[in-house]
Structures are given as structure tokens and as C-alpha cells.
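**Student:** Sending over a structure as C-alpha cells; questions will come in a sec.
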Amino acid sequence: RKHFALPAEWRDGGHTLVHFEGVFHHAALFLNGRYLQSHECGYTGFTVRLDNASARFGDDEVNVLAVRADASFGSGHWYEGGGIYRPVWLTHVPPTHIVHDGLFVPPESDGSLVVPSAELQLGGSGSLAVRFTLLDGDTVLATNASNVAVAAGMRDVEAAAAAPTTIVSTELRPPRGAVTLWSTHTPKMYTVRAEVLLLASEARGRAMVAGELVDALEVDVGLRTTEWHAGGFKLNGAPLKLRGFSHHNSIGGL
């Protein structure tokens, strides 16, 4: 059980979320004695929303989040453990936001084209733009934006436990020769940032101005090409031998 308080300002607009990176094996969640949801896989994360349940807001209000983890069934042929064994995150996000781990950048690229995508949960109504930027440190290599229209009543996120989401993607084309491909000898990393900007709004809650940043998320990525063929594996067009071993989640045998 976890006892905690939620800021009073979180009561007005937005979503209060708890994200579990891993609970083994069957997790059942209760907030202030009310059942919320269950998750049945210790190796995948999951998110539960609190503000539309029985959450209490204010410094003097105490919430109790209880997690019942049952690892008595479903184990593999090795001991997989039980309980909350990965980090837990409490966040508050606007009604329209990028979902947890919602920014994806395929690393398969020769450096001339990067195609990121962001998964959005949409709330309110109005017009949005999602701006994607490829960065090398503080240097902008490429940027592009995609517009998203949110129809009134299209996403009633105030009532839904898990509102539908939409995928927005674009193409980023850095200058020729600007990208160093990731390799075992030069593990060069770049940053891709996704920003959700308000173009026009009829959203409920406080007034927002056009161009205001609604949400943002960044991921680091190493761009490279891979090939599998009869002669073996190639990384960026060059042969590369792979050596390794298979281990379980906790590497308990080492």
C-alpha cells in the first residue's frame, strides 16, 4: 500500500496517471478501497488513471493505492519472482497528451530519412500540430509538423478510463552527410523530440493561446541499417559477427 497526497490544482483538468513498469504476475489495483483494474503480465508495463476514479485532491487528503500481486500461477519453468519489481511513476498530463512510451522512431535508416511517429490521446476539441525535430545535441538537423483536427465530442476523455488514441507520423530529412550511423565502434546517438502545439481550441478548462505547447516527449535513437542473408549479418553494409547468450529477466543464474 502507498499513502500519498495529490496537489489540489490537479483536480481541474488533465489526467492523473500511475504507470507501473513491471508487476509480477497478476496485479489488481485498488484506490481508496475501490477496484480500478488488473494487469496480467509481469514483463509489460501498464498505466492506470486515478482522477476519474476515487482520487482525492489537496494536501490534507490522503489517498491509498493498494496493489495485490499474485505470482502463484502462470510461472515459467524457472522462478520468476513476484511483486512490484520495476519503477512506478505518478504523473499528471493534459487531456491531450502523448501516451507513455508513445514516441517511436524506427532506427532502420541510412541517414537520409527518419520517420518518427507519436501516439496521442485526444481531449477537448480544436486543432493541434505535432512537431517532430531531429537533434544532434542542440543542433537541429531536421524538423517537420503534422496537423491534427479534434472534433467536438470525438474524445470524451473525462468519462473514459482509457480514451482512444491516434497515431501521427512525419518524415524528417536531414542534410546529406549530416548523420553518422550507429555502429559498435561509433555508437552515435541522436534525439527525436515530439511537441504537441495548440493551433486553435475550444477545450474545456483554462484558456489556452494558439501556439502554446501542450505536451512534449523525447527519445534517443541510433540510426543504422541491418541486413540478414545467407552469408550472415551486416550492419551498415559491413559484415558483423554476433555472439551472445539467452538469459531470463533477472539473470539470476549469473
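The values are calculated or read from the model by the stated rules, or taken from the named source; none is laboratory data. All of these numbers come straight from a predicted model, not from anything done at the bench. Please note: Cβ atoms are built from the backbone with ideal geometry, for glycine as well, and neighbour counts cover all protein chains shown.
**Student:** For residues in the stretch 98-149 being of a type in the set (S, T, N, Q) and outside any strand (DSSP E or B), which is surrounded by the fewest Cβ atoms within 10 Å (Cβ to Cβ)? Reasoning before the result, please.
**Tutor:** In the first step, residues of the stretch 98-149 are kept if they are of a type in the set (S, T, N, Q); the result is 109, 112, 117, 121, 125, 127, 133, 139, 143-144, 146-147.
Of the ones still in play, those that are also outside any strand (DSSP E or B) are 109, 112, 125.
Working: SER109: 20, SER112: 13, SER125: 18.
Checking each candidate, the answer is SER112.
**Student:** Continuing with this model, one more query. Any residue that is assigned to a loop (DSSP other than H, G, I, E, B) and modelled with pLDDT under 95 - is there at least one of those in the stretch 63-72?
**Tutor:** We begin by selecting, within the stretch 63-72, every residue assigned to a loop (DSSP other than H, G, I, E, B); these are 71-72.
Pick out the ones that are also modelled with pLDDT under 95 and you get 71-72.
Within the stretch 63-72, one or more residues are assigned to a loop (DSSP other than H, G, I, E, B) and modelled with pLDDT under 95.
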